[in-house]
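The values are calculated or read from the model by the stated rules, or taken from the named source; none is laboratory data. Since we're looking at a predicted model, the values are computed, not measured. All Cβ positions, even for glycine, are placed from backbone atoms using ideal geometry, and neighbour counts span all protein chains on display. Only protein heavy atoms, including side chains, enter the accessible area calculation; ligands, DNA and RNA are left aside. Shrake-Rupley method; radii C 1.70, N 1.55, O 1.52, S 1.80 Å.
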Amino acid sequence: MANIPPFYRIFFLYIDPLICLSGIYVLFFDHATYIANGVPHAISVDVVDPLAHFLLVGLGSYALCIFGIQILLLRQFPDLKIWKIVMFSILLTDLGLLYGVYAADPRGFWDIGGWTSGDWTNNGILFTVATIRSLFLLTV
């Protein structure tokens with residue numbers, strides 16, 4: 001792991017998987033928390049219908065796959081080229097999630113002063129990890 005800077009090694013092997021694991025938990029077991037904190041407040045609902053349940057569990061399944069890649073592949077292969085491929089792929093997911101937030105409420109997406117605590121949790125984490133992944137890919 002000598003060619004992977006310590007900050008990124010610690011973040012991608014320990015912190016990022018914990019963030020992902022917390023998302024997996026709420027996507028599978030605590031839909032109310034995910035709706036309150038992970039969905040733009042402009043489209044939040046109080047009741048999770050069967051379609052929303054299906055979509056949340058599906059999203060959780062994708063997050064579970066990412067978690068598996070993070071904890072299994074990155075630990076087994078400390079090769080910078082593999083790490084960059086994995087981080088680019090996960091960055092695409094981060095950007096897709098950010099686009100989903102934007103598409104749901106374009107005005108609210110840019111109105112940072114109007115963000116709820118849930119918006120700050122979701123968008124703040126997404127922006128932060130996407131920035132860290134981008135800096136890693138740019139070799140900063």
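Note on Leu80 and Tyr25: with the Förster distance fixed at 30 Å, the Cβ-Cβ geometry gives a FRET efficiency of about 0.45.
Projecting the Cα atoms of Ile112, Val26, Leu72 onto the charge dipole of the stretch 23-140, computed from C-beta unit charges around the Cα centre, puts Leu72 farthest toward the positive end.
For Ile10 and Thr93, the FRET efficiency from 1/(1 + (r/R0)^6), where r spans their Cβ atoms and R0 equals 22 Å, is about 0.55. As a length-normalised measure over Cα pairs under 8 Å and 6 or more apart, the relative contact order of the chain settles at 34 percent.
The stretch between Tyr102 and Asp46, if pulled fully straight at 0.36 nm per residue, gains 18.1 nm over its current Cα-Cα span.
Ellipticity at 222 nm from helices only: DSSP H runs of n ≥ 4 in the chain, each -39500 (n - 2.57), divided by the residue count, give -22500 deg cm²/dmol. The residues of the chain have, on average, 59 Å² of accessible surface per residue, using a 1.4 Å probe with all protein chains present.
Determine the distance separating the Cα centre of the stretch 24-42 from the Cα centre of the stretch 68-140; give it in Å without decimals. Taking the Cα centre of each part, the stretch 24-42 and the stretch 68-140 sit 17 Å apart. Taken about its Cα centre, the chain carries a charge dipole of about 620 debye when Lys and Arg each add +1 at the Cβ and Asp and Glu each add -1 at the Cβ. Taking the 1.4 Å solvent-accessible surface of the chain as the whole, the part contributed by carbon and sulfur is 72%.
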